[in-house]
Each structure stands twice: as structure tokens, then as C-alpha cells.
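Heads up, the thing below is written out as C-alpha cells.
The values are calculated or read from the model by the stated rules, or taken from the named source; none is laboratory data. This one's a predicted model, so the numbers in the text were calculated from it and none came from an experiment. Backbone-built Cβ (ideal geometry, glycine too); neighbour counts: all protein chains shown.
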Amino acid sequence: MSERPDPQTAATQFDFRGKVLGLAPHGGGHINDTFLVTCEAPGAPARFILQHINRHVFHDPVAVMQNIERVTAHLAAQQAGKPDGDRRALHLVPARDGRNWFVDAQGETWRAYRLIENARTYETATSPDQAFQAARAFGRFQQQLADLPPPRLNETIPDFHHTPKRFAALEQAIAADAAGRTTLAKPEIEFARSRQAMTGNLLNAGLPERITHNDTKFNNVLLDDKTGEAVCVIDLDTVMPGLALYDFGDMVRTTTSPAKEDEKDLSQVSMQFPMFEALVRGYIESAGAFLTPAERKLLAFSGKLITFEIGIRFLTDYLSGDTYFKVHREGHNLDRCRTQFKLVESIEQQEAAMNWLVESVG
């Protein structure tokens, strides 16, 4: 049996420029293990983020880190000299061997960032202003990476948002029934199959390839503690070539409903139109200059499709025995699936009004 990744040892391999005083688990991500590192420094302790990259999800951690190196350097260069510029992009901490990551004796890959102080993430948006800030930040993120020089970024998870392939994986999981759970998820399976026809709509629309974040959950943007302004986009593991609407769609999925992603009380799940309007206005303010008419036309639809896609991913993982997403209770992935599907229904009920809004925003 392999040893568990050891953050204490990994922390000694980064150039934190001070003795490590403390290390504790940090955040609640589904995939990677994250730790807050406190180090000795003149004046006040300095703090950093240490992360272990889950190689069962990211099979080529070096490719992930090569992308992150290029993206963070490009964003930091754009912010250099601007007010508060050092907080507007993530900054990698070099390892002692000169690389921006460290591979331990078990072959596990680690990285470290400077902590962005006086800013935090929130699991759910509680106001249209928060939604506006997040959408503007993610749109600006796409806009700032539009001129990233070649070569093309690595695809860290090939076909990550390829919805037809995600649906095919669901059908394979249903057929295999590896965990003996298909009878427990019959309504969800029927819901998914009834909407299979829409899975290829974005891929078949002739949209241009962009550099996209691909995981634009509301909790992947830091908001300033005092002003509430979006400071920095975080969690860059899935930054790679994609469609701009993958990012906007995931913002709709994670920002417009007041419910948590794994909410059991489905009456709490709904697409709140004022939140959607804030997303549209924030995103178009920062990204509108480069969006094509076809991209604009599909903004509302992208929210429905990406929500549906994540729902079928949760369902697939549930049927397969919970092998991808971290779970904390029995049926956790099925609860997550049900929440996504309920949000899809809410979007469908308001889709005409959503499309009208997109057309009306300049």
C-alpha cells in the first residue's frame, strides 16, 4: 500500500524564504488537497498555499503546471505596476530545485502559491453584485489570455466539456452498474436520456476556440474583504483550450441558485433571474468586445447545457462507485446530480426570458 502524500515534507521543498511555523488543511475542494502554510518573516508571518495535485484526475501533473506557469506569468505581467497589481494574479513559489513544482518520493506532485491576503471565496453568491463581480472577473480572465503567445496550451483533461462523450460515459456506467445503484437512480437516468438531443449543440455551433478556465464556480474567484470587488481568479488546473461558453455556462450553474451544490431540499434550488442578469452584464462588460454573435446568442443555453453536463457527471460517478469526486456521505453524488437536474428544469422554465435579456444587453 502506497504512503499518503506528506505535506510536511513537501513544504520543506519550496522557497518560502522563512521557517515553516504551521501547516493546516485549507478550503474544501473536491479534487486536490490544499494546505495553508504559515512561515516566519520580518514584521508578520507570511502565508502561502500548498497543494497536492490529484494525479488520479490529472494524469499529467507536469502538463498542468506548464499551463499554470505560462498563464500566471502572462497575467502577472499584465498587472505589473498597476494599483494592487500583486493581488490580481496568482504567483507561484519556486521549489528549491528551481522548478515551479515538486515531485516527492512517491511520485506525487506539489505546488505552492503566495496567499492573496484580505480576500476570500464564498460557496454561494448572496447578491447580484457578487454575481456581477465574479462574471466580470472571469470575462476579464478570458480577455487577458486572448493574446497568450503560442504554443497552444496543454489539454490537461482531454474532452473535459465534451458533453456527448460525457453522456456516452453515463450510458456505459448504466450498462456496467458497477456499484449496483442503477435501480436507485431510475428517475435521474430517465431525466438525462430525455435531454440527450441537446448535448452536441455547443460543439456543433462553429464557435471559436478560446483559452478558458473550465471550472468557473463562484468559489473560484476571490472577493476583497473590504470592497467586495473581485480580486483574482483561482484554481487554474483546468485552464486550457475550450469554448468561452463553457465558462459562462458554469457561472450560471454555480451562481444563480441559492442552494448548495449538494442540497438535499430541492425546493431550495432555482435559477434566480436577477443573478443571471448580473452575470450577463458583468461578463459582457469585460468579455463582450471579443465575443462573436454566435457566442452571444448561446449564452443562456450554455447555462442549461453545462448544468446538465455536470449533473450527468455526478450521476456517472455515483453509478460507478464514487471514483472521481470526493464524497462525504452515502449518496452524495446522487444528491449533487439531483440538484443539477432541478436547476436545469428551472432554467428551462425561464429560458425565453433569459434569451431576451441577452439580446437586450449592449
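Quick notes on this one:
- Test: residue in the stretch 239-250 that is farther than 30 Å from PRO149 by Cβ, of a type outside the set (Asp, Glu) and assigned to a loop (DSSP other than H, G, I, E, B): no
- Residue in the stretch 269-285 that is more than 18 Å from the chain's Cα centre (by Cα) and modelled with pLDDT under 95 present: no
- The listed residue being more than 16 Å from ARG181 (Cα to Cα) and in contact (Cβ under 8 Å) with a residue 40 or more places away in the chain, out of LEU299, LEU334, LEU315: LEU299
- When restricted to residues that are part of a helix (DSSP H, G or I) and either of a type outside the set (A, V, I, L, M, F, W, C) or surrounded by fewer than 16 Cβ atoms within 10 Å (Cβ to Cβ) (or both), the stretch 267-305 contains 18.
- Within the stretch 335-362, the set of residues being within 23 Å of ARG193 (Cα to Cα) and acidic (Asp, Glu) comprises ASP335, GLU345, GLU348, GLU351.
- Residues being in a loop (DSSP other than H, G, I, E, B) and either within 30 Å of PHE290 (Cα to Cα) or touching a residue at least 40 places away in the same chain (Cβ under 8 Å) (or both) - total across the stretch 155-197: 13
- Residues considered: THR124, THR163, THR156. Of these, the only one that is at pLDDT below 95, within 20 Å of the chain's Cα centre (by Cα) and more than 19 Å from ARG70 (Cβ to Cβ) is THR124.
- Taken as a whole, the stretch 71-88 holds at least one residue that is part of a loop (DSSP other than H, G, I, E, B), surrounded by 18 or more Cβ atoms within 10 Å (Cβ to Cβ) and at negative phi.
- Any chance ASP147 is of a type in the set (D, E, K, R) and either touching a Leu at 6+ places or on another chain (Cβ under 8 Å) or not assigned by TED's automatic domain parsing to the domain that holds MET271 (or both): no
- Looking across ASP317, ASP250, ASP224, one residue alone is crowded, with 21+ Cβ neighbours inside 10 Å and closer than 27 Å to ARG114 by Cα. It is ASP250.
- Residues located in the stretch 341-362, provided they are farther than 28 Å from LYS264 by Cα and not small (Gly, Ala, Ser): ASN355, TRP356, LEU357, VAL358, GLU359, VAL361
- Residues of the stretch 49-70 that turn out to be assigned to a helix (DSSP H, G or I), of a type in the set (Asp, Glu) and touching a residue at least 40 places away in the same chain (Cβ under 8 Å), as a count: 0
- Single match in THR316, THR238, THR307 (criterion: out of contact with any helix residue (DSSP H, G or I) (no Cβ under 6 Å at 6 or more places or on another chain), in the same structural domain as LEU148 (by TED's automatic domain parsing) and of a type in the set (Val, Ile, Thr)): THR238
- Pairs with Cβ under 6 Å, 6+ apart, first in the stretch 253-266 and closer than 20 Å to GLU351 by Cβ, second β-branched (Val, Ile, Thr) and in a helix (DSSP H, G or I): ARG253/ILE306; ARG253/THR307
- Of the candidates ASN67, ASN100, ASN118, the single residue that is surrounded by fewer than 16 Cβ atoms within 10 Å (Cβ to Cβ) and touching a strand residue (DSSP E or B) at 6+ places or on another chain (Cβ under 7 Å) is ASN118.
- Tally, over the stretch 123-154, of residues that are in a helix (DSSP H, G or I) and closer than 20 Å to PHE290 by Cα: 13
A quick yes/no check of all residues on (1) touching a Gly at 6+ places or on another chain (Cβ under 8 Å); (2) crowded, with 24+ Cβ neighbours inside 10 Å:
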{"position": "VAL233", "(1), (2)": "no, yes"}
{"position": "THR238", "(1), (2)": "no, no"}
{"position": "GLY242", "(1), (2)": "no, no"}
{"position": "LEU245", "(1), (2)": "no, yes"}
{"position": "THR256", "(1), (2)": "yes, yes"}
{"position": "LYS260", "(1), (2)": "no, no"}
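Table: residues versus (1) within 29 Å of ARG47 (Cβ to Cβ); (2) surrounded by fewer than 17 Cβ atoms within 10 Å (Cβ to Cβ); (3) assigned by TED's automatic domain parsing to the domain that holds ILE211; (4) of a type in the set (Gly, Ala, Ser).
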residue	(1), (2), (3), (4)
ASP104	yes, yes, no, no
GLY107	yes, yes, no, yes
GLN133	yes, no, yes, no
ARG152	no, yes, yes, no
PHE160	no, no, yes, no
LYS165	no, yes, yes, no
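- ILE211 vs. criteria within 30 Å of VAL280 (Cβ to Cβ), crowded, with 21+ Cβ neighbours inside 10 Å, under 16 Å from the mean Cα position of the chain (by Cα) and touching a residue at least 40 places away in the same chain (Cβ under 8 Å): yes
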